[in-house]
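Before any comments, here is the structure.
The values are calculated or read from the model by the stated rules, or taken from the named source; none is laboratory data. A quick note: this is a predicted structure, and the numbers were derived from the prediction, not measured. Cβ sites come from the backbone with ideal geometry, for glycine too, and all protein chains shown count toward neighbours.
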């Protein structure tokens, strides 16, 4: 339909897998799985639920009769009861026991937890994919010297591979957060209208142990180890806030990477992939705009802002529940996941196609290297008996003069010539030139890359062997 608004996160950016997780099919099939798990658990604990009823429900669990549910919802104005009714139409024998003892949040909240958990697993796998790609890039360029920047001003050199490890370290921190959230995932369970389980206590004739066992059985049948021990009618909305905080962290890491690539592309040192027939500008045909990195930054900004939604919702819930969370979380949670999914697809695509220009990198480095070498020159002169303070002042004066030549006259950096001509240093131009081998100024950067890849990254990638090996594809 071209006459109806559709979220660009769905139409342009997110993957098919992530869109399915937040689809009506996933939602309502999960509702039916939960109703089946409830019926099975109630039967096992002695309530009058028959296997015939359960089999009937299983037979139709994936056949969502949307038209019946939609017509019923218009009449009763309640989505859960509309789907209870629609399921009952398909399962007349089971109709009397569907949703027995439960409240709407039994299906709504448990499904939300399940969907977020599956979405986090997909995000985890895509983080691993980006780490795989970047690890290869870092290894390849571990020893290539490049200017480092502080305040976007030239600083002591690093290597291209070492810079990539900084991107990777941020992603490893995000991966730890995702794993932590997955490691403590719990269902709401069957807690009733205010979380007291009163309806189930009534069903089980006051047997507290059976009520507790019901939660355990439902969790087990849905693939979870536990339910929240206490709740109001809903699981604590703090969970949504925590999950989106993790997504915000991923967005922050990706935005940092994208900003670095955009700056490097301006310097013509590193470029994001640019396809044969890609158009950079409708007016300026020569342009190679970093549109993928810009899109990462753009989507990341949305996720970071969106993460405030569940935080405010969690802070403003009243007592055992209010409904001002519902409309907000229907939008804020899925959209955050879809955006992060798109971000990670772009991140993997850009990282896998980065183009490095070593000659440009070397040119920029050699232009600034004389300034970087002044500390070494100073130390050598002091070793030969010079006065450190006097020599420091001479270097400062020569550096300012050389800087004026570069900035005001557009000339080449002549700092080394000035120092060679100064008898206070007692050093020749040739000797100074030997000091300017770029690899001498990168410290332990190549070794840090190897140690990081072997000691930190490889164990993670080995743990996820076979995960994240596929190529990333972007839509537009």
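Structure above, values below:
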read-out	value
Test: residue in segment 244-265 that is modelled with pLDDT of 95 or more, touching a strand residue (DSSP E or B) at 6+ places or on another chain (Cβ under 7 Å) and surrounded by fewer than 20 Cβ atoms within 10 Å (Cβ to Cβ)	yes
Selection from segment 421-476 of residues that are free of Cβ contacts under 8 Å to residues at least 24 places away in the same chain and at positive phi	466
Only listed residue being at pLDDT below 95 and either part of a helix (DSSP H, G or I) or under 27 Å from the mean Cα position of the chain (by Cα) (or both), chosen from 361, 377	377
Those residues of segment 5-27 which are in a loop (DSSP other than H, G, I, E, B) and in contact with a helix residue (DSSP H, G or I) (Cβ under 8 Å, 6 or more places away or on another chain), in sequence order	7, 14, 15, 22
2 or more residues under 26 Å from residue 246 (Cβ atoms): qualifying helices (runs of 4 or more DSSP H) within segment 28-146	104-140
Selection from segment 213-271 of residues that are part of a helix (DSSP H, G or I) and free of Cβ contacts under 8 Å to residues at least 24 places away in the same chain	216, 220, 264, 266
Any hit, segment 149-164, residues being assigned to a helix (DSSP H, G or I), closer than 22 Å to residue 33 by Cβ and in contact with a helix residue (DSSP H, G or I) (Cβ under 8 Å, 6 or more places away or on another chain)	no
Criterion (part of a helix (DSSP H, G or I), at pLDDT 90 or above, more than 30 Å from residue 133 (Cα to Cα) and out of contact with any strand residue (DSSP E or B) (no Cβ under 8 Å at 6 or more places or on another chain)) met by exactly one of 393, 451, 431, 345	393
Hits in segment 274-293 (condition: closer than 20 Å to residue 164 by Cβ and at pLDDT 90 or above)	290, 292, 293
Hey, residue 308 out of contact with any helix residue (DSSP H, G or I) (no Cβ under 9 Å at 6 or more places or on another chain), farther than 30 Å from residue 403 by Cβ and without any contact (Cβ under 8 Å) to a residue 12 or more places away in the chain or not	no
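Table: residues versus (1) within 30 Å of residue 267 (Cα to Cα); (2) crowded, with 19+ Cβ neighbours inside 10 Å.
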residue: 164; (1), (2): yes, yes
residue: 192; (1), (2): no, yes
residue: 198; (1), (2): no, no
residue: 206; (1), (2): no, no
residue: 209; (1), (2): no, no
